[in-house]
Amino acid sequence: MTTKNNCRNCGEVLEHVFVDLGMQPLANSYVDPTKKDQAETRLPLRPFVCQGCRLVQLPEYETPEGIFGDYAYFSSQSSAWVKHCGDFADLAVNRFKLQGNNRVLELASNDGALLSAFQTRGIQVLGIEPAHNIARYAQQQGIPTIDKFFGIDLAQELVNQGYQADLVCANNVLAHVPDIEDFVRGIELILAHDGVVSIEVPSLYNLIKENQFDTIYHEHFSYFSFETAIDVLERRGLKVFDVETLPTHGGSLRIFARREIDRHPFNSVYQNNISRVSQEEQFCHNFYNLLGYCIFPQKDKFTTIQKLAKLRQDGAVIAGYGAPAKLSTFLNYCGIGPETISFVVDSTPAKQNKLVPGVHIPILPESELQVLKPDVIFISAWNWKKEIEAKIKKECDWNPEVICRIQGSSV
Ligand code: TMP
C-alpha cells in the first residue's frame with residue numbers, strides 16, 4: 001500500500017521535485033462564462049521523480065472520478081488522429097494476424113475512434129470508457145462500450161463471463177491512472193493466451209528535450225521513460241518485447257508487451273528501436289542526477305511572455321489556435337490572460353463558448369478567425385502544428401503572423 005508520498009510504481013519515498021509549476025486549476029475544467037466570478041479549485045502542479053524507478057509523478061490530488069465524470073475530449077474530432085488509428089489497426093491486424101474471431105479491447109476507448117477502425121476490419125471490439133458522456137456517444141456509434149474504470153475487478157468480471165482479449169490497446173491512458181498496480185494487473189488478467197498489449201505513452205525524453213512542460217497537468221498522474229515503463233510492466237507480469245517511437249503528442253512511445261508466462265511469445269521486429277530509445281534516455285538520467293528539470297520552464301516562460309507582450313504592446317490582436325489542456329498549464333504558469341491573447345479558437349463544440357481555466361480567455365469556434373482576423377496566431381495546440389499551419393494557410397488570407405513555441409511534429 002502506497003501513500004501520497006510514495007512512488008505509485010515501486011513504493012519508494014518521493015523526495016525529489018521534478019518541477020514546480022505552481023498552483024493550477026484543472027486543465028480540462030473549462031469555465032462557463034456565467035460562473036467566471038466563482039472560485040476555481042487550484043491544486044499544486046508539482047511532480048516528483050522517484051529516486052528508485054525514476055517514474056515522474058503527481059500525487060493524486062483529484063480523483064479520476066472528478067476528472068473524467070464528464071469529459072470534453074472526443075478523439076474523432078481530429079482527422080489526423082483518426083488516420084493514426086487506422087494505421088495502427090492495419091499494423092496490428094497484420095503483425096498479430098488478427099481475424100474475425102479475435103477480440104480487441106481498448107482501455108479508455110473515448111468515442112471509439114480506434115475501435116471503429118478495428119470494427120471496419122472485421123474484428124470484434126469492446127471499449128472501456130469511464131467518461132459517461134463519451135461512452136454514451138460511442139455506444140450510439142455502434143461501438144460496444146462499458147462506462148466504468150478499468151482495473152482488476154472489472155477484468156475479473158469480464159473473465160468470469162468468458163471474455164479475454166487477443167489485443168489490449170491502452171493508448172494515452174497509463175498516464176491518467178493513479179493506481180498503476182490495479183490497472184496493469186487487470187491487463188495481465190484479461191489478456192488471452194498469447195495475447196498482446198499495446199501501450200502508447202508520451203515520452204519523458206521528449207518532454208525534457210523539447211521543454212514540453214505544458215504537457216504536465218493534474219490529469220496526467222505519471223510521465224514515463226521507456227526504462228520506467230518496462231519496470232512498471234515487468235513488476236506486474238508483463239514482458240516488453242518491442243517499442244516504436246511515434247510523433248503523436250509531441251513524441252510518444254508505443255510499447256508492446258505480452259504475459260510473462262506465455263509460451264509462444266512474439267519477438268521484437270524493432271530491435272534497433274530498443275537500443276536507440278534506451279540510449280536516448282541516458283539524456284533523461286543526466287537530468288535526474290544533476291540539476292533536475294526545474295530551470296527549463298522558467299527560461300521558456302520569460303521568452304514567450306516577452307515575445308507576446310511586445311506584439312501586444314505594438315497593437316497586435318493575438319489569437320490562440322487550439323484549447324488543449326496543455327494551454328491551461330502554459331498560460332497559468334506564464335501568467336498570460338486575455339490582456340495578451342484576446343481569444344482562442346477550437347474545433348471541439350464542448351469547449352466552445354467556454355473560458356480557458358484560470359486565465360479565462362474565451363474559446364470560440366474556428367470560424368471566428370475569419371470574422372475577427374487577428375494579426376498574430378499563437379499555435380497553442382503545438383502537437384497539431386502541421387494541420388493547423390495548413391488550415392491557416394488555406395483560410396487566413398490576411399496573412400497573420402504565426403507563432404509556435406514548440407516545433408512538435410504531428411501525427
Ligand atoms: P490535444 O493536443 O489534446 O489533441 O488537443 C488538441 C486541441 O486542439 C483540441 O481541443 C482540438 C483542437 N484543434 C482544433 O481546434 N483545430 C485543429 O485543426 C486541430 C488539429 C486541433
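Rule-based calculations on the coordinates, nothing more; no lab input. These numbers come from a predicted model, not from an experiment. Using ideal geometry, Cβ is built from the backbone for each residue, glycine included, and neighbour counts are taken over all protein chains shown.
Which listed residue (Q370, Y30, L167) has the Cα farthest towards the positive end of the charge dipole for the chain, taking +1 on Lys and Arg C-beta and -1 on Asp and Glu C-beta about the Cα centre?
Of the listed residues, the answer is Q370.
Based on the alpha-carbon gyration tensor of the range 164-218 and its eigenvalue square roots a ≥ b ≥ c, which shape applies: rounded if a/c is under 1.5, prolate if not and a/b is larger than b/c, or oblate?
Prolate is the answer for the range 164-218, as a/c is 1.5 or above and a/b outweighs b/c.
What is the range 95-192 by shape, rounded, prolate or oblate, if you read a ≥ b ≥ c off the alpha carbon gyration tensor as root eigenvalues and call it rounded for a/c under 1.5, prolate for a/b larger than b/c, and oblate otherwise?
The shape class here is oblate.
With both partners inside the range 1-111, how many of the DSSP beta bridges are antiparallel, as a percent to the nearest 5?
The antiparallel proportion sits near 100 percent.
For a quick check: sort H16, H220 by the number of other beta carbons within 10 angstrom, fewest at the front.
With the sparsest Cβ surroundings first, the list reads H16, H220.
Give the percent of DSSP beta bridges with both residues in the range 25-175 that are antiparallel, rounded to the nearest 5.
DSSP beta bridges in the range 25-175 are roughly 25 percent antiparallel.
Where does the Debye-calculated log10 I(q)/I(0) of the chain sit at q = 0.06, 0.07, 0.08 Å⁻¹, using only Cα point scatterers of equal weight, no solvent?
Summing over Cα pairs of the chain leads to -0.24, -0.33, -0.43.
So what's the angle, to the nearest 10 degrees on a 0 to 90 scale, between helix 295-313 and the longest Cα principal axis of the chain?
40 degrees
So how strong a dipole does the chain carry about its Cα centre when Lys and Arg Cβ are +1 and Asp and Glu Cβ are -1, to the nearest 20 debye?
I would put it at about 600 debye.
Show me 118-125, 351-358, 102-109 ranked by packing, highest mean number of other Cβ atoms within 10 Å first.
102-109, 351-358, 118-125
Please name whichever of S347, H176, P47 sits farthest to the positive end of the charge dipole of the chain, dipole taken about the Cα centre and charges placed at Cβ: Lys and Arg +1, Asp and Glu -1.
Farthest towards the positive end: S347.
Just need the relative contact order of the range 43-161 here, percent rounded to a whole number, with Cα pairs under 8 Å and 6+ apart.
Over the range 43-161, the number comes to 19 percent.
In the calculated pair distance distribution of the range 72-121, what percentage of Cα-Cα distances lie above 17 Å?
31 percent
Calculated from DSSP H runs of 4 or more alone, at -39500 (n - 2.57) each and per residue, what is the 222 nm mean residue ellipticity of the chain, nearest 500?
Rounded to the nearest 500, the figure is -9500 deg cm²/dmol.
Between helix 385-395 and the chain, what is the angle of the helix's C-alpha long axis to the longest principal axis, kept within 0 to 90° and rounded to the nearest 10?
In the chain, helix 385-395 runs at an angle near 50 degrees to the longest axis.
How high is the relative contact order of the range 1-95? Use alpha-carbon pairs under 8 Å, at least six apart in sequence, and give a whole percent.
Worked out over the range 1-95, it gives 26 percent.
Using only Cα atoms, tell me the angle between helix 271-280 and the longest principal axis of the chain; keep it within 0 to 90° and round to the nearest 10.
Between helix and principal axis, roughly 40 degrees.
Mean separation of Cα pairs under 8 Å and 6+ residues apart, divided by the residue count of the chain: what relative contact order is that in percent?
Dividing the mean separation by the residue count of the chain yields 15 percent.
Using the 10 angstrom Cβ neighbour count as an exposure proxy, how do E157, E244 rank, fewest first?
With the sparsest Cβ surroundings first, the list reads E157, E244.
Treat each spin label as a single point 7 Å out from the Cα along the C-beta direction, and report the K393 to K209 distance in nm.
Computed distance between label sites K393 and K209 equals 2.5 nm.
Convex hull volume of the Cα atoms in the range 1-134, per residue, in Å³?
Taking the convex hull of the Cα positions in the range 1-134, it is 170 Å³ per residue.
How much of the DSSP beta bridge set in the chain is antiparallel, as a percent to the nearest 5?
The antiparallel fraction comes to roughly 50 percent.
Taking other Cβ within 10 Å of each residue's Cβ, how do V17, V93, V402 sort, fewest first?
Taking fewest neighbouring Cβ atoms as first place, the list is V17, V402, V93.
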